[in-house]
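Since the structure comes first, as structure tokens, the remarks are kept for the end.
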Amino acid sequence: ALFLFFVASISDYWDGFLARKYNLETTIGAVLDPIADKILITFMIIGLSIELSSIYFGMIGGLMLVREFWVAALRDLNARQGRSDATEVTSLAKIKTSVQAR
């Protein structure tokens, strides 16, 4: 499981890196990348909660997931109002996701 998580994380990093380097960024990629990150983190938190049988880890993981989905909802709302730049994915957000997954 750790190996699969590592491979998924590395492939996500290189996908974004190469897209930016060669100016191959697309709107669909910008939409799907944060969703893929959320799916990866969600399954990791659920898997660890089940494996560790820890109510505390489950509660903290639940709070992290609530925050992730709240941010996704805000991005959707801003996009519908034509203000998609208000919640752009920043380098700080990418670092947060990397730290959160560790």
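Assorted remarks:
- For the range 1-51, the Cα gyration tensor yields ellipsoid semi-axes of 25, 13, 5 Å (square root of five times each eigenvalue, largest first, whole Å).
- Assuming charge only on the beta carbon of Lys and Arg (+1) and of Asp and Glu (-1), the dipole of the range 1-69 about its Cα centre is about 80 debye to the nearest 20.
- Annotation: peptides 10-17, 35-42, ranked by per-residue average of other Cβ atoms within 10 Å with the highest first, follow the order 35-42, 10-17.
- Here the Karplus relation 6.51 cos²θ - 1.76 cosθ + 1.60, evaluated at θ = phi - 60°, turns the backbone of the range 36-45 into coupling constants of 4, 4, 5, 5, 4, 5, 4, 5, 5, 5 Hz, with x for every Gly and Pro.
Throughout, read-outs are computed from the coordinates displayed, never taken from laboratory work. Please read these numbers as outputs of a predicted model, since none were measured by experiment. Virtual Cβ from ideal backbone geometry, glycine too; neighbours counted across all protein chains shown.
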